[in-house]
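A.B. asks: Got a structure for you, written out below as structure tokens; questions coming shortly.
The values are calculated or read from the model by the stated rules, or taken from the named source; none is laboratory data. Because the structure is a prediction, the values reported are computed rather than measured. Just so you know, the surface numbers come from the protein's heavy atoms only, side chains and all, with ligands and any DNA or RNA stripped out. Shrake-Rupley method; radii C 1.70, N 1.55, O 1.52, S 1.80 Å.
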Amino acid sequence: MTTTTTTTTGTATRPAPAAGRELLRTVLRIDSWSTAAFGVVLLAGGKPLSAPLGIPTTWSLPLGIAMLGGAAALALIAGYPRIPKGPATAVVVGNALSFVAMLLLVVSGLLPLTGLGSVFLLIGAVVVAVYAVLEYVGLRRYAGAGQG
């Protein structure tokens, strides 16, 4: 489904390919930087944050490393002159799954989260959900314009 807009003359137009590409590229870059920052926080602050958040360092250290790898992948995808649809779709799916995983960690009791730790994960879940939606919209506009 392609989104159209109507001009003041009543003519329907398709969104410009550059608009979808730049939205997608911008959100991927922001997602990359915030994922890297969160990974650094988990790596550098894993031990001191363990008690206040209830996230064991046995979880925070591997997750921090994985997040740094994910941040590098996001930056790589955003850097392509023509953003490939497959990897961009994988990012949307990955963020959606991260959203669900964080919610499950909060409600499952798998981790001994404190109240602050639950809020921390819920905020993270909202952030990745917003990224997933914005990346999805950018990807749809980009692909709908025949570019992705």
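A.B. asks: Give me the 1.4 Å probe accessible area per residue for the chain, excluding ligands and nucleic acids, in Å².
C.D. replies: Per-residue value: 56 Å².
A.B. asks: Could I ask something else about it? Based solely on its DSSP helices, what 222 nm [θ] is calculated for the chain when runs of n ≥ 4 H residues each add -39,500 (n - 2.57) and the sum is averaged over all residues, nearest 500 deg cm²/dmol?
C.D. replies: -27500 deg cm²/dmol
A.B. asks: Using only the Cα atoms of segment 35-105, what do you get for the radius of gyration and for Dmax, in Å?
C.D. replies: For segment 35-105, the Cα radius of gyration and maximum Cα-Cα distance read 14.0, 44 Å.
A.B. asks: Using just the C-alpha positions of the chain as equal point scatterers, what log10 of I(q)/I(0) does the Debye formula give at each q in 0.13, 0.16 1/Å?
C.D. replies: -0.63, -0.84
A.B. asks: Then there is this: Share of segment 31-148's accessible area from carbon and sulfur, percent, 1.4 Å?
C.D. replies: Carbon plus sulfur share of accessible area: 78 percent.
A.B. asks: Could you pull the Rg and Dmax for segment 16-70, using just the Cα atoms, both in Å?
C.D. replies: 15.0, 50
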